[in-house]
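S.K.: I am attaching a structure below and will ask some questions about it afterwards.
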Amino acid sequence: MKKLLVILFILLFSFTGSTQSPLQQRLEFLRLSLENKYGWVGNFDSLTGIATVYDKGYMGYIDTNSRIVLPLAYSTRDFSDGLGIYHDPSTKSIKVIDKKARLIKEFKNLSSLLGFKKGLSIFSTPSAAGLLYGVMDLKGNIIIKNQYPYIEKIAEKYYYVNSNKVGAGVINAAGDTVIPVSYIIYYTDTTDLHFIGYRPDAGYGSFASSGKMIKYLGKEFYPETNHIEGIPHFQRDSVFILKNQFLSAGSKMALVNLDLDTIVPMGKYKLTAINEGMVCYYDSVPSGNKARDSLVAKCGFLNTKGAIIIPARYDFAIYFTEGLCSVQENKKWGYINKEGKLVIPFQFDYALPFHMGYAKVKMKDDFFIIDRKGKIVMKSKSY
């Protein structure tokens with residue numbers, strides 16, 4: 001079986017046009033193959049070659065030789081910093097292990113430990129009000145006190161924290177307050193912590209990390225976080241969708257940057273997703289029905305300066321990944337590139353974004369994995 005996989009790898013990756021490295025593609029091909037045996041397999045860790053594996057309600061670890069490193073009997077976290085984390089119900093503790101499943105550290109009285117990055121991990125403990133989060137090192141030293149209902153690392157040295165009572169802010173890796181915990185933060189720049197947010201006494205606007213308002217937005221508008229989980233954090237040249245909260249969803253939108261400069265005026269288009277410098281927009285265009293002079297909503301793509309790159313002509317689109325985007329036309333899905341050229345024909349009943357050179361598609365009642373040329377490389381149990 002291993003020899004067969006090696007042969008498949010050589011044949012498959014000798015002709016790929018993906019921008020991913022051959023190693024990344026081989027690992028993704030292996031991961032997708034294993035998902036046909038197990039319920040779900042996570043990404044393989046680049047340092048240890050180990051991935052989380054899930055099946056029938058339990059989790060464990062598996063390596064690139066398809067060998068189970070930790071039995072599927074626990075709740076685990078993905079490997080990071082060369083370390084894995086799992087909850088052991090028999091000892092009611094959280095254990096940190098190396099790639100050979102040898103115990104490195106055991107923690108009692110924790111509800112969760114989210115994974116070490118550069119020697120630090122977010123953790124939580126129980127309280128009468130619910131879970132409270134903080135940051136600790138591998139020795140158990142508390143860096144940020146566990147007093148927040150939510151905490152997330154947003155940059156190399158910074159953590160976004162949220163308190164239900166007073167709002168959100170940013171704390172650095174030394175535990176010092178950088179942005180006072182008194183805002184609603186929507187977007188933040190990972191370099192200088194310039195952010196778009198809301199403060200009760202100031203309203204919506206863009207703020208410097210000192211808390212000084214740079215530009216007032218108003219009380220009726222708010223940034224649309226869309227499909228992004230947690231606090232979105234971006235580079236300084238990123239753009240964002242802005243909505244009018246007093247109008248029906250999707251009826252009034254604008255495209256702005258972190259300084260709240262307008263790129264696409266409010267109400268010109270419906271905007272849905274931004275990725276790889278391409279902004280998906282919907283516009284009303286003639287239906288082409290000669291019997292009725294009507295308009296229909298079609299989607300296309302703008303660049304981050306607001307210029308139309310791909311005119312609105314598709315029924316639906318998701319977003320670009322690895323230079324390709326799945327789009328729908330006449331109830332069938334295919335893939336286009338950033339020039340709007342159809343590179344994989346309309347033939348699927350549904351098509352997901354590409355990841356590491358592969359995408360999952362649906363044809364009738366079956367699911368398949370395709371490569372960047374649209375070739376089916378294997379059948380899949382599900383999406």
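The values are calculated or read from the model by the stated rules, or taken from the named source; none is laboratory data. Not measured: the values here are computed from a predicted model. So basically every Cβ, Gly included, is an ideal-geometry build from the backbone, and we count neighbours across all protein chains shown.
S.K.: Mind counting the residues in segment 156-176 that are assigned to a loop (DSSP other than H, G, I, E, B), under 19 Å from the mean Cα position of the chain (by Cα) and either of a type in the set (S, T, N, Q) or surrounded by 15 or more Cβ atoms within 10 Å (Cβ to Cβ) (or both)? Working first, answer last.
M.R.: Going through segment 156-176, the residues assigned to a loop (DSSP other than H, G, I, E, B) turn out to be 156-157, 164-166, 173-176.
Narrowing the set further to residues that are under 19 Å from the mean Cα position of the chain (by Cα) leaves 156.
Among the residues that remain, those that are also either of a type in the set (S, T, N, Q) or surrounded by 15 or more Cβ atoms within 10 Å (Cβ to Cβ) (or both) are: none.
Qualifying residue count, segment 156-176: 0.
S.K.: Moving to a separate point now. How many residues are touching a His at 6+ places or on another chain (Cβ under 8 Å) and in a strand (DSSP E or B) when one looks only at segment 146-155?
M.R.: The total comes to 0.
S.K.: Applying the selection to segment 132-184, what residues are among the polar types (S, T, N, Q) and over 26 Å from L103 (Cβ atoms)?
M.R.: Answer for segment 132-184, where residues must be among the polar types (S, T, N, Q) and over 26 Å from L103 (Cβ atoms): Q147, N162, S163, N164, N172, T177, S182.
S.K.: Right, next: Is it true that some residue in segment 35-57 is in contact (Cβ under 8 Å) with a residue 60 or more places away in the chain and acidic (D, E)? Walk me through how you get there before you give the answer.
M.R.: First pass over segment 35-57, keeping only residues in contact (Cβ under 8 Å) with a residue 60 or more places away in the chain: 35-36.
Next, from what is left, pick out any that are acidic (D, E): 35.
The answer is yes, given that some residue of segment 35-57 is in contact (Cβ under 8 Å) with a residue 60 or more places away in the chain and acidic (D, E).
S.K.: Hey, another quick one. Take the residues in segment 102-133 that are in contact with a strand residue (DSSP E or B) (Cβ under 6 Å, 6 or more places away or on another chain) and part of a loop (DSSP other than H, G, I, E, B); name whichever of them is surrounded by the most Cβ atoms within 10 Å (Cβ to Cβ).
M.R.: Residue satisfying both the conditions and the ranking: F116.
S.K.: Looking at segment 203-237, which of its residues are in a loop (DSSP other than H, G, I, E, B) and modelled with pLDDT of 80 or more?
M.R.: A208, S209, S210, G211, K212, listed by residue number.
S.K.: Here's a follow-up. Just a yes or no: is a residue in segment 59-72 in contact (Cβ under 8 Å) with a residue 24 or more places away in the chain, of a type in the set (A, V, I, L, M) and within 20 Å of S382 (Cα to Cα)?
M.R.: Taking every residue of segment 59-72 in turn, at least one turns out to be in contact (Cβ under 8 Å) with a residue 24 or more places away in the chain, of a type in the set (A, V, I, L, M) and within 20 Å of S382 (Cα to Cα).
S.K.: Taking the residues in segment 351-383 that are in contact (Cβ under 8 Å) with a residue 24 or more places away in the chain, part of a strand (DSSP E or B) and more than 17 Å from Q25 (Cβ to Cβ) as candidates, determine which candidate is farthest from the chain's Cα centre (by Cα).
M.R.: Only one residue tops the list, namely K379.
S.K.: Which pairs have Cβ atoms under 6 Å, sit 6 or more apart or on different chains, and link a residue in segment 119-143 that is within 19 Å of L83 (Cβ to Cβ) and of a type in the set (D, E) to one that is modelled with pLDDT under 95 and part of a loop (DSSP other than H, G, I, E, B)?
M.R.: Pairs found: D137/G119.
S.K.: Could I ask something else about it? Do you know which residues across segment 87-110 are under 17 Å from G49 (Cα atoms) and not hydrophobic (A, V, I, L, M, F, W, C)?
M.R.: Our first condition is that a residue be under 17 Å from G49 (Cα atoms); within segment 87-110, this holds for 96-102.
Hits for segment 87-110 are D98, K99, K100, R102.
S.K.: Test R77 against the stated conditions and say whether it is modelled with pLDDT under 95 and either within 25 Å of the chain's Cα centre (by Cα) or in a strand (DSSP E or B) (or both).
M.R.: It is false that R77 is modelled with pLDDT under 95 and either within 25 Å of the chain's Cα centre (by Cα) or in a strand (DSSP E or B) (or both).
S.K.: Listed residues S210, S127, S121; which is over 27 Å from the mean Cα position of the chain (by Cα), over 26 Å from L260 (Cα atoms) and among the polar types (S, T, N, Q)?
M.R.: S127
S.K.: Do we have any residue at all in segment 305-313 that's out of contact with any Gly (no Cβ under 6 Å at 6 or more places or on another chain), surrounded by 16 or more Cβ atoms within 10 Å (Cβ to Cβ) and touching a residue at least 60 places away in the same chain (Cβ under 8 Å)?
M.R.: no
S.K.: I would also like to ask the following. Give me the residue from segment 64-80 that is buried (at least 17 other Cβ atoms within 10 Å of the Cβ) and not hydroxyl-bearing (S, T, Y) and, out of that set, nearest to E35 (Cα to Cα).
M.R.: Among those residues, the one meeting the criterion is L72.
S.K.: Something else about it: Go through the residues of segment 134-145 one by one and say whether even a single one is among the polar types (S, T, N, Q), modelled with pLDDT of 95 or more and either assigned to a loop (DSSP other than H, G, I, E, B) or within 26 Å of H194 (Cα to Cα) (or both). Steps first, answer last, please.
M.R.: Filtering segment 134-145 down to residues among the polar types (S, T, N, Q) leaves 141.
Narrowing the set further to residues that are modelled with pLDDT of 95 or more leaves 141.
Now narrow it down to the ones that are either assigned to a loop (DSSP other than H, G, I, E, B) or within 26 Å of H194 (Cα to Cα) (or both): 141.
Yes: segment 134-145 contains one or more residues that are among the polar types (S, T, N, Q), modelled with pLDDT of 95 or more and either assigned to a loop (DSSP other than H, G, I, E, B) or within 26 Å of H194 (Cα to Cα) (or both).
S.K.: Every residue in segment 329-348 that is surrounded by 15 or more Cβ atoms within 10 Å (Cβ to Cβ) and either in contact (Cβ under 8 Å) with a residue 60 or more places away in the chain or not in a strand (DSSP E or B) (or both), please.
M.R.: Listed by number, the residues that qualify are K338, G340.
S.K.: Can you go through I97, I179, I104 and tell me which one is over 24 Å from L260 (Cβ atoms) and under 27 Å from the mean Cα position of the chain (by Cα)?
M.R.: Exactly one of I97, I179, I104 is over 24 Å from L260 (Cβ atoms) and under 27 Å from the mean Cα position of the chain (by Cα), namely I97.
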